[in-house]
Amino acid sequence: MTKEYIIYADESIKRGKKFSNFFGGALIRSQHLEFVNTSLKESLIRAGLHNEIKWTKVTSNYLQKYITVLDTFFDLIAEDKIKIRIMFTDNRFVPQGLTAEHREQEYFILYYQFLKHAFGLRYANKTTSAIRCRLYLDDMPDTKENIAKFKGYIEGLTKHFRQRIIMDREQIAEVKSHNHVVLQCLDVVLGSIQFRLNERHKEKPKGKTHRGSKTIAKEKLYRHIQKRIRQLRPHFNIGITTGKDGSLENLWYHSYRHWKFVPEERKMVESTKDK
């Protein structure tokens, strides 16, 4: 069997209270793909979940069921059968010198940077044989023309990876998350991170003095996810770029990493105040 890397990628909110432009990715080596999918599907059955799981669907009634599935997901991450990367921007760092085109194409520019750098693919292949990369991107909210252009840029990364990682536009597919359990689990993890970083755990329904049950359930699930992350890396800080532990190669070797993307040209502004 030809060795491949399969990357599932998704994005969350574009603009948040404190952090924005959330992107997430899950990388699986082809030899682990069947085991990963089978394990996650079996965990869904054990939990009694028969429909697509998503962060937006988390409720108190489903909390323990989601924990069951996410525990399987993090067990696979701990075994390095799945690598997870989360990227986001900090609203305090405002990019400078952007053209109108830059602003218009911001989504694709950030997505490109995420796929180019987040997994450390430059350090992934030390053999003399090229490894093909298959990309499954959750449906992208843009025109066919812009998406086709984006796929062309991704294909061009083959040169950046010195022909050791092959990006072929024919292997870049837009998919529906309900057909891919890895994307569903990624959606929950990504959603939990943006939920906490943007302090949505503090939100109360309009006119109410207490938080809603759904918000409380989401905070509990986030805390469980945080605990599982810290089992991989003690004292993990979700709001900063994960340390490289002295080597750039750990951009690849680490099983779970966050990346706070900071523009090279930027102006720092005061953080958003609570209203």
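In the stretch 126-139, how many are within 19 Å of PHE23 (Cβ to Cβ) and buried (at least 17 other Cβ atoms within 10 Å of the Cβ)?
Residues flagged as within 19 Å of PHE23 (Cβ to Cβ) and buried (at least 17 other Cβ atoms within 10 Å of the Cβ) within the stretch 126-139 amount to 6.
Name the residue that is nearest to the chain's Cα centre (by Cα), counting only residues in the stretch 70-88 that are among the basic types (Lys, Arg) and buried (at least 20 other Cβ atoms within 10 Å of the Cβ).
Checked the stretch 70-88; the qualifying residue nearest to the chain's Cα centre (by Cα) is ARG85.
For the stretch 54-64, how many residues are closer than 16 Å to ARG228 by Cβ and either in contact with a Lys or Arg (Cβ under 7 Å, 6 or more places away or on another chain) or buried (at least 18 other Cβ atoms within 10 Å of the Cβ) (or both)?
So the answer is 3.
ARG162: assigned to a loop (DSSP other than H, G, I, E, B) and among the basic types (Lys, Arg), yes or no?
Answer is yes for this residue.
List the helices (runs of 4 or more DSSP H) that sit entirely inside the stretch 1-114 and contain at least 3 residues that are modelled with pLDDT of 95 or more.
By residue number, 30-47, 63-78.
Name the pairs whose Cβ atoms lie under 8 Å apart, with the first residue in the stretch 209-232 and farther than 14 Å from ASP71 by Cβ, the second buried (at least 18 other Cβ atoms within 10 Å of the Cβ) and of a type in the set (S, T, N, Q), and 6 or more positions between them or separate chains?
Close Cβ pairs (under 8 Å, with a partner that is buried (at least 18 other Cβ atoms within 10 Å of the Cβ) and of a type in the set (S, T, N, Q)) amount to LYS218/SER192; TYR222/SER192.
Residue by residue through the stretch 196-241, note down the ones that are surrounded by 13 or more Cβ atoms within 10 Å (Cβ to Cβ), of a type in the set (Gly, Ala, Ser) and under 18 Å from LYS57 (Cα atoms).
Once the filter is applied, which keeps residues that are surrounded by 13 or more Cβ atoms within 10 Å (Cβ to Cβ), of a type in the set (Gly, Ala, Ser) and under 18 Å from LYS57 (Cα atoms), the stretch 196-241 yields GLY212, ALA217.
Restricting attention to the stretch 17-57, which residues are out of contact with any strand residue (DSSP E or B) (no Cβ under 8 Å at 6 or more places or on another chain) and closer than 30 Å to VAL262 by Cα?
Answer for the stretch 17-57, where residues must be out of contact with any strand residue (DSSP E or B) (no Cβ under 8 Å at 6 or more places or on another chain) and closer than 30 Å to VAL262 by Cα: LYS17, LYS54, TRP55, THR56.
Kindly indicate which of VAL58, VAL94 is touching a helix residue (DSSP H, G or I) at 6+ places or on another chain (Cβ under 7 Å) and among the hydrophobic types (A, V, I, L, M, F, W, C).
That would be VAL58, the only listed residue that is touching a helix residue (DSSP H, G or I) at 6+ places or on another chain (Cβ under 7 Å) and among the hydrophobic types (A, V, I, L, M, F, W, C).
Collect the residues in the stretch 7-27 that are of a type in the set (A, V, I, L, M) and surrounded by 20 or more Cβ atoms within 10 Å (Cβ to Cβ), keeping them in residue-number order.
Scanning the stretch 7-27 gives ILE7, ALA9, ALA26, LEU27.
For the stretch 165-190, which residues satisfy the criterion of being of a type in the set (D, E, K, R) and either in contact (Cβ under 8 Å) with a residue 60 or more places away in the chain or assigned to a strand (DSSP E or B) (or both)?
If the condition is that a residue be of a type in the set (D, E, K, R) and either in contact (Cβ under 8 Å) with a residue 60 or more places away in the chain or assigned to a strand (DSSP E or B) (or both), then ASP168, ARG169, GLU170, GLU174, ASP187 are the ones that fit.
Just wondering, is there one or more residues in the stretch 169-178 that are buried (at least 19 other Cβ atoms within 10 Å of the Cβ), over 29 Å from LYS126 (Cβ atoms) and not aliphatic (A, V, I, L, M)?
Checked against the condition, which is being buried (at least 19 other Cβ atoms within 10 Å of the Cβ), over 29 Å from LYS126 (Cβ atoms) and not aliphatic (A, V, I, L, M), the stretch 169-178 yields at least one hit.
What are the residues in the stretch 237-248 that are without any contact (Cβ under 8 Å) to a residue 40 or more places away in the chain and under 15 Å from PHE88 (Cβ atoms), if any?
ASN237, ILE240, THR241, THR242
The values are calculated or read from the model by the stated rules, or taken from the named source; none is laboratory data. Just so it is clear, the model here is predicted, and its values are computed rather than measured. FYI the Cβ positions are ideal-geometry reconstructions off the backbone, even for glycines, and counts take in every protein chain you see.
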